[in-house]
Amino acid sequence: MCTYQTQTVPVRGSGKGPQGWFPVTDATVYLDHPVHAPADHTLNLDFLNPGRGPSARVAVELDPAAARALAEAILSTLDSAPAGLVRGT
Amino acid sequence: MGDAMRAETIRFEGHDGDELEGYLAQPLDGGPRGGVVVIHHMPGYDEATKEITRRFAAHGYLALCPNLYSREGFEVSPDDAAAAARAKGGIPDDQLVGDVAGAAVHLRSLPGSNGRVGTIGYCSGGRQSFLAACSLPLQAAVDCYGAFVVGSPPEGLAMRVGPLVHLAPQLACPLLGLFGAEDQYPSPGQTAELERALAAAGKEYEFHTCEGAGHGFFATDRPSYRPEAATEGWARIFDFYARHLAG
C-alpha cells in the first residue's frame with residue numbers, strides 16, 4: 001500500500017546531492033514503495049533543504065531490517081563516543 | 001486499426017487554472033476514441049505509470065497521466081517532486097479532483113475523442129479514481145486496490161485523506177474494482193463494505209478479488225507482481241472500457 005505515513009525531523013548538517021554539498025534542514029522518514037530498490041516497501045530517508053527546492057535532496061531506500069540495524073548503529077555510535085564530543089543528545 | 005502511436009509530455013490546465021505537466025499517449029489513426037485518465041500512485045509520475053499510459057494507447061484509447069506533483073516544478077525529477085509533495089502532506093482531495101477534471105477536458109478536446117472519459121488508478125490512485133468518479137461527469141472508473149476508500153489511515157498520520165465510502169451515492173459512472181484477497185489495505189472486508197454501499201445506492205459496479213494476490217499485483221517491477229492476477233485484471237479492464245468508453 002501507499003502508506004501515507006511520514007515523519008519529519010528538523011536536522012542540522014550537510015548532505016551531498018547531484019549539485020554537491022548543501023546544508024540540510026529537514027529529514028523525512030517513511031515506509032513506502034521505493035522508487036529504485038527491488039522491493040514492495042522500503043524504509044526511506046530523505047535529507048532535504050526545502051528552501052533550496054525539491055531537488056535539494058539526498059535519498060536512500062533501505063530494507064527494513066537494514067534500516068533498523070542502521071538506526072541502532074547510529075545510537076550506539078553516539079552512546080559510545082568519547083566524553084565531550086557529543087553535545088545536545 | 002494501425003498500431004502507430006504518439007507519446008509525449010504536454011502541458012494542460014488543472015485545478016484552479018494551474019498549468020500541469022502530463023504524459024499523453026494516443027493512437028495516430030482515426031477515431032473516435034474514448035479517453036483514459038491514468039492516476040499515478042503516491043511515489044509519483046514514474047516510468048511504470050507512463051508505460052501503463054502507453055498501454056492504453058496501444059489498445060486504442062487516448063490516455064493522459066497528469067503529473068499530480070507538477071506544482072513542485074517542471075524541471076524537478078519525478079522522485080524528488082514526490083518526496084517534496086509527500087513532506088507537505090500529499091495531494092488535497094479537491095486539488096486531485098480539479099486536476100483530473102482538467103485532464104478529462106483535455107482528452108475530450110482532442111480531435112479523435114468520442115467525448116467519453118474514464119479513470120484508472122493504482123494504490124493511492126485507486127482511491128483517487130473512486131473520488132474522481134464520485135465528483136465528476138465521467139463514463140467509467142477503475143479502482144485497483146485503492147486503500148482508505150473504506151477505513152481511515154492510522155491515528156497520528158499527517159496525510160490529508162479520509163474514507164470516501166459516504167460518497168457512493170454520488171458515483172457518476174460504472175465502477176470496476178480489482179483487489180487482492182491477501183491485501184490488508186484495502187482488506188477484503190473493506191471492499192465488501194464498499195460493495196454493500198454501492199449496492200444500497202443502486203450503482204453499477206463489478207468487483208473482482210484475486211486469490212493468491214496481495215497489494216500491488218499489477219506492478220511488474222516489484223515482488224508483489226502476480227502474473228495470473230495481472231493478466232486477468234488487464235483483460236477485465238479492457239473489457240470494461242470497451243463496454244463503457246469505446247466507439
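Laboratory data are not the source of any read-out in this text; all were calculated from the coordinates shown. Note that the structure is predicted; figures quoted are calculated from it, not measured. Counting neighbours? That spans all protein chains shown, and the Cβs are built from the backbone with ideal geometry, glycine included.
Listing for the model above:
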| read-out | value |
| --- | --- |
| Along principal axes, Cα extents of the stretch B:57-181, largest first, whole Å | 46, 39, 27 |
| Segments B:191-202, B:70-81 sorted - mean Cβ within 10 Å per residue, highest first | B:70-81, B:191-202 |
| Kirkwood Rh, angstrom, the stretch B:111-247 [1 / mean 1/r, Cα pairs] | 15.1 |
| Residue among A:Thr25, A:Thr77, A:Thr42 with the largest mean-square fluctuation in a Gaussian network model of chain A, springs linking Cα atoms under 10 Å | A:Thr77 |
| Cα Rg over Rh - the stretch B:204-247, Kirkwood | 1.04 |
| Environment charge of B:Ala25, counting only residues whose C-beta is closer than 9 Å and scoring Lys/Arg +1, Asp/Glu -1 | +3 |
| Base-10 log of normalised Debye intensity for the stretch A:7-79 (one unit scatterer per alpha-carbon) at q = 0.16, 0.21 Å⁻¹ | -0.62, -0.99 |
| Paramagnetic reach from B:Asn114 in the stretch B:215-239 [backbone N under 18 Å; point 7 Å along Cα→Cβ] | B:236-239 |
| Stokes-Einstein D for the protein assembly as shown, Kirkwood Rh over Cα pairs, 4 °C, 1.567 mPa s (µm²/s) | 62 |
| Directionally averaged shadow of chain B, computed from the convex hull of its alpha-carbon atoms, nm² | 12.4 |
| A:Val9 paired with B:Glu232, simple spin-label distance in nm, labels 7 Å along Cα-to-beta-carbon | 4.4 |
